[in-house]
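A short worksheet on the structure shown next.
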Amino acid sequence: MQFIEYPKCSTCIKARKYLEAKNVTFIDRHIHVDTPTADELKRWIPLSGLTVEQFFNTSGKVYRDNNYKEKLKIMSYDEKIKALSENGMLIKRPLLVNDTKVLVGFKESAYEEIAREMNHES
């Protein structure tokens, strides 16, 4: 399982502490240094149950400064994927990714479910 985060993000810190407290093993990945590729995003979006638009970090500086609120209305799916894959700071975080599920952001109940699944497997 990959935990894709921006280390200074308070939500990411909270999510990481939760996973560590539950003894969930994960591979840590810095979203800005090792940004998800277009191919990864195209695989992960359907696994998340979300739309590509919901992968955008709408409260982030890059999103606001570049007026993505308006741009997204006219961008194609591939253009949105390209934008996300070119700037990790555009991606809502953290991402928790395994072979069958992708969680975007931190909701304790969803993380609890993953922790239970992981602890049953080991």
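The values are calculated or read from the model by the stated rules, or taken from the named source; none is laboratory data. Note that this is a predicted model, so its numbers are computed, not measured. Neighbour counts are summed over all protein chains in view; Cβ atoms, including those assigned to glycine, are modelled from backbone coordinates with ideal geometry. Just so you know, the surface numbers come from the protein's heavy atoms only, side chains and all, with ligands and any DNA or RNA stripped out. Shrake-Rupley method; radii C 1.70, N 1.55, O 1.52, S 1.80 Å.
Quick notes
- Accessible area of residue 93 in the full protein assembly, 1.4 Å probe (Å², nearest 10): 40 Å²
- Of 59, 85, 48, the residue with the greatest mean-square motion in the GNM of the chain, using alpha carbon springs below 10 Å, is 59.
- Residue-level accessible surface for residue 65, protein heavy atoms, 1.4 Å, Å²: 100 Å²
- Taking the longest Cα principal axis of the chain as reference, the axis of helix 38-48 is set at about 60 degrees.
- Projecting the alpha carbon convex hull of the stretch 53-100 along each direction and taking the average yields 3.7 nm².
- Cα-based helix-to-principal-axis angle, 10-21 vs the chain, degrees rounded to 10: 20 degrees
- FRET efficiency, residue 77 to residue 28 (Cβ-Cβ, R0 30 Å, nearest 0.05): 0.55
- In the chain, the longest principal axis of the Cα atoms and the axis of helix 108-121 are about 50 degrees apart.
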